[in-house]
Amino acid sequence: MASVSSSPRTVEEIFKDFNCRRSALVRALTSDVDKFYSQCDPEKENLCLYGHPNESWEVAMPADEVPPEVPEPALGINFSRDGMHRKDWLSLVAVHSDCWLLAVAFYFGARLNRNERKRLFSLINDLPTLFEVVTGRKPLKDKPSVDSGSKSRNGSKRSIDGLVRSNPKILEDRVEDEDDEHNETFCGSCGSSYNSDEFWIGCDICERWYHGKCVKITPAKAESIKQYKCPSCCTKKGRH
């Protein structure tokens, strides 16, 4: 088995390592599938499928050292080769290979801080899984969400309750700089800070956020509101 010459340390290095290993496994399970299939002889010892940082793949015995240099792939993939339909077997190998890729990425990323890990797995999540590639399934599209720093422009209501709704703008900590944004969000009514366990709703006029309970708006009621105006903005409009 090829060894890792140097451990990737930054988000970019770890993602590059992940992408190279993934590319190798994609090739093994698609364009090189006949070669891969023939190497997984059930009569042989326990075999694993490896993807290496140089974009090569290899069917080989597991590493002898304990603990190994990096997490090991699923062991004995060759034993079930002739006991399943070829397509089902390849799909199963793909799922286990997806798990292995994530395990390796987390092994390298365990020393990253929270925001760096979030960025790393956001990059990883933008790629189709091996299972999706092998089975031809398309990944589900994300529901609409708000980008960092963007404002409501389409008149749709915005709410914070930890759930993605059908047509709202959501305040989420999806990117590196948004963790502090949640901590700096205060209810325009009671002044308390953001808590992910509570339902919040944002005013589409002044952009302030409120506890649903403070402005007497429930999640169910929020679904029927096309454009939410907070009590303060409603009062200002009445004065004009």
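The values are calculated or read from the model by the stated rules, or taken from the named source; none is laboratory data. Since the model is a prediction, treat every value here as computed from it, not as a measurement. Heads up, the Cβs are rebuilt from the backbone with ideal geometry, glycines too, and the neighbour counts pull from every protein chain shown. Areas reflect the complete protein model, heavy atoms only, side chains present, ligands, DNA and RNA absent. Shrake-Rupley method; radii C 1.70, N 1.55, O 1.52, S 1.80 Å.
Values computed for the structure shown
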quantity	calculated
Selection count, segment 102-122, where residues are open to solvent by 60 Å² or more (accessible area, probe 1.4 Å) and among the hydrophobic types (A, V, I, L, M, F, W, C)	3
Index of the failed condition, residue 201 passing every other in (1) at pLDDT below 50; (2) touching a Lys or Arg at 6+ places or on another chain (Cβ under 9 Å)	(1)
So residue 74, is it touching a Cys at 6+ places or on another chain (Cβ under 7 Å), open to solvent by less than 60 Å² (accessible area, probe 1.4 Å) and of a type in the set (Gly, Ala, Ser)	yes
Test: residue in segment 99-118 that is within 14 Å of residue 15 (Cα to Cα), among the polar types (S, T, N, Q), modelled with pLDDT under 95 and in a helix (DSSP H, G or I)	no
Every pair of residues 6+ apart whose Cβ atoms lie under 6 Å, when the first sits in segment 219-230 and is within 24 Å of residue 196 (Cβ to Cβ) and in contact (Cβ under 8 Å) with a residue 24 or more places away in the chain while the second is surrounded by 15 or more Cβ atoms within 10 Å (Cβ to Cβ) and of a type in the set (Val, Ile, Thr)	222/201; 228/201
Residue match in segment 1-10 (condition: open to solvent by less than 40 Å² (accessible area, probe 1.4 Å), at negative phi and either in contact with a Leu (Cβ under 7 Å, 6 or more places away or on another chain) or at pLDDT 95 or above (or both))	no
